[in-house]
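This report refers to the structure that appears directly beneath it.
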């Protein structure tokens with residue numbers, strides 16, 4: 001009888017114990033694979049939502065702007081923006097202006113962030129603007145019409161069509177004011193943003209700040225998301241005399257990046273605990289098998305077999321157990337992932353309102369993505385754990401003294 005057949009036979013001598021270990025192993029693999037695929041999908045949704053409403057997959061700033069948010073650190077993108085737009089990997093380029101100021105109505109005043117945008121470019125990309133009907137979009141880049149956050153509108157005691165005044169400091173240090181009209185109300189779901197957001201056309205904002213043709217941010221939206229970003233090619237287009245720097249999304253949106261890293265680290269820790277518990281179960285199964293078969297192993301050794309034969313047999317038992325658990329767990333993990341890719345989990349059934357994470361509002365329908373390489377990686381990891389779990393039982397089996405074991 002071959003060692004493989006003997007190891008298979010030995011596993012099923014105690015069917016109940018083997019099935020309990022196998023189910024625990026398969027369930028753990030399914031849980032880890034499905035959870036990882038779901039988390040990766042949700043993280044991707046968060047990143048896409050964040051970069052389209054925020055800094056883009058890659059962003060161009062003047063040196064020190066990201067650290068200081070100094071409104072004087074603008075730049076003129078006209079020399080290279082058309083080259084960026086013509087790159088195959090780039091979906092669109094979004095020039096933006098950010099100005100701190102004060103919004104005043106006849107009754108109240110509030111601190112705001114005045115955003116200057118190109119409506120024609122933003123409305124098909126920015127998730128905040130995509131929710132608005134066409135009639136509520138800003139008509140052009142020079143109009144005095146403004147989009148106002150719903151909480152700010154409430155605090156200023158304004159309504160759609162009302163006029164209000166924006167006051168800020170221009171490039172020369174002078175206080176300037178502009179009369180604007182509420183064109184539409186926006187709701188981002190982020191509390192602090194909805195209390196401070198005022199969007200107007202970029203040219204109107206630039207004229208108000210005394211920085212014509214300049215922007216603070218050039219957000220690049222890539223066709224393939226965060227994959228295969230040609231950073232070197234983009235950086236080569238930047239003129240050296242403007243002191244411009246190129247940033248990846250995680251450098252420009254540190255709150256979101258750190259929130260994802262922290263969540264993923266805690267998840268990995270939980271995965272490790274789950275797999276270690278399963279490893280202990282495999283050790284227990286094999287160790288009990290050794291203790292129950294002490295007389296049998298002693299007889300094998302007395303007939304002249306080497307201890308290495310027992311080692312190989314127990315190694316095979318562990319690998320068979322791990323392989324079966326991997327196949328069953330991956331099968332059900334793939335079924336669960338398929339369901340989560342196609343249907344997802346709609347959190348609106350349990351949670352009212354917007355879902356915010358790391359300063360970004362994301363889709364309440366959580367969907368998984370396929371990560372076959374990671375699923376294979378976790379399979380190799382589980383097989384390795386099962387092999388390591390068999391080392392101590394194999395060591396105990398090799399230390400059996402035939403004469404003593406025959407008396408038991």
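The values are calculated or read from the model by the stated rules, or taken from the named source; none is laboratory data. This one's a predicted model, so the numbers in the text were calculated from it and none came from an experiment. Cβ atoms come from the backbone with ideal geometry, glycine included; neighbour counts cover every protein chain shown.
Select, from 180, 153, the only residue that is within 24 Å of residue 216 (Cα to Cα) and at pLDDT 90 or above. Before the answer, list the steps.
Numbers: 153 fails: within 24 Å of residue 216 (Cα to Cα).
Within the list 180, 153, the selection yields 180.
Being touching a helix residue (DSSP H, G or I) at 6+ places or on another chain (Cβ under 9 Å) and either surrounded by fewer than 20 Cβ atoms within 10 Å (Cβ to Cβ) or without any contact (Cβ under 8 Å) to a residue 60 or more places away in the chain (or both) is the requirement here; does residue 213 meet it? Walk me through it before giving the result.
On the way: touching a helix residue (DSSP H, G or I) at 6+ places or on another chain (Cβ under 9 Å): yes; either surrounded by fewer than 20 Cβ atoms within 10 Å (Cβ to Cβ) or without any contact (Cβ under 8 Å) to a residue 60 or more places away in the chain (or both): yes.
For residue 213, the condition - touching a helix residue (DSSP H, G or I) at 6+ places or on another chain (Cβ under 9 Å) and either surrounded by fewer than 20 Cβ atoms within 10 Å (Cβ to Cβ) or without any contact (Cβ under 8 Å) to a residue 60 or more places away in the chain (or both) - is met.
Rundown of residues vs (1) more than 20 Å from residue 274 (Cβ to Cβ); (2) modelled with pLDDT under 80, yes/no style:
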| residue | (1), (2) |
| --- | --- |
| 3 | yes, yes |
| 10 | yes, yes |
| 20 | no, no |
| 26 | no, no |
| 31 | no, no |
| 38 | no, no |
| 45 | yes, no |
| 53 | yes, yes |
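Which residues, taken from segment 18-32, are surrounded by fewer than 19 Cβ atoms within 10 Å (Cβ to Cβ) and within 9 Å of residue 333 (Cα to Cα)?
27, 31
Can you find a residue that is free of Cβ contacts under 8 Å to residues at least 12 places away in the same chain, surrounded by fewer than 21 Cβ atoms within 10 Å (Cβ to Cβ) and either assigned to a strand (DSSP E or B) or assigned by TED's automatic domain parsing to the domain that holds residue 210 (or both) anywhere in segment 69-83?
Initial filter on segment 69-83 (free of Cβ contacts under 8 Å to residues at least 12 places away in the same chain): 70, 82.
Now drop any that are not surrounded by fewer than 21 Cβ atoms within 10 Å (Cβ to Cβ), which leaves 70, 82.
Among the residues that remain, those that are also either assigned to a strand (DSSP E or B) or assigned by TED's automatic domain parsing to the domain that holds residue 210 (or both) are: 70, 82.
Checked segment 69-83: at least one residue is free of Cβ contacts under 8 Å to residues at least 12 places away in the same chain, surrounded by fewer than 21 Cβ atoms within 10 Å (Cβ to Cβ) and either assigned to a strand (DSSP E or B) or assigned by TED's automatic domain parsing to the domain that holds residue 210 (or both).
Residues of segment 64-76 being at pLDDT below 90 and within 22 Å of residue 230 (Cβ to Cβ), which ones?
66
Can you report the number of residues in segment 106-122 which are touching a helix residue (DSSP H, G or I) at 6+ places or on another chain (Cβ under 9 Å) and outside any strand (DSSP E or B)?
Number of matching residues: 4.
Condition first: closer than 21 Å to residue 191 by Cα and either surrounded by fewer than 21 Cβ atoms within 10 Å (Cβ to Cβ) or free of Cβ contacts under 8 Å to residues at least 40 places away in the same chain (or both). Now tell me which residues in segment 94-114 satisfy that.
Answer for segment 94-114, where residues must be closer than 21 Å to residue 191 by Cα and either surrounded by fewer than 21 Cβ atoms within 10 Å (Cβ to Cβ) or free of Cβ contacts under 8 Å to residues at least 40 places away in the same chain (or both): 98, 100, 102, 104, 105, 108, 109, 110, 111, 113.
With the requirement that a residue be out of contact with any helix residue (DSSP H, G or I) (no Cβ under 6 Å at 6 or more places or on another chain) and either without any contact (Cβ under 8 Å) to a residue 12 or more places away in the chain or assigned to a loop (DSSP other than H, G, I, E, B) (or both), what does segment 136-167 give you?
If the condition is that a residue be out of contact with any helix residue (DSSP H, G or I) (no Cβ under 6 Å at 6 or more places or on another chain) and either without any contact (Cβ under 8 Å) to a residue 12 or more places away in the chain or assigned to a loop (DSSP other than H, G, I, E, B) (or both), then 139, 140, 143, 144, 154, 156, 157, 158, 159, 160, 161, 162 are the ones that fit.
If you scan segment 233-284, which residues turn out to be crowded, with 17+ Cβ neighbours inside 10 Å, within 30 Å of residue 324 (Cβ to Cβ) and over 27 Å from the mean Cα position of the chain (by Cα)?
Residues satisfying the conditions are 278, 279, 281, 282, 283.
Residue 91: more than 16 Å from residue 213 (Cβ to Cβ), under 23 Å from the mean Cα position of the chain (by Cα) and either outside any loop (DSSP other than H, G, I, E, B) or free of Cβ contacts under 8 Å to residues at least 60 places away in the same chain (or both), yes or no? Can you show your working first?
Working: more than 16 Å from residue 213 (Cβ to Cβ): yes; under 23 Å from the mean Cα position of the chain (by Cα): yes; either outside any loop (DSSP other than H, G, I, E, B) or free of Cβ contacts under 8 Å to residues at least 60 places away in the same chain (or both): yes.
So residue 91 fits the description; yes.
Matching residues to (1) modelled with pLDDT of 85 or more; (2) more than 17 Å from residue 67 (Cα to Cα):
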position	(1), (2)
189	no, yes
193	no, yes
197	yes, yes
203	yes, yes
211	yes, yes
227	no, yes
237	yes, yes
254	no, no
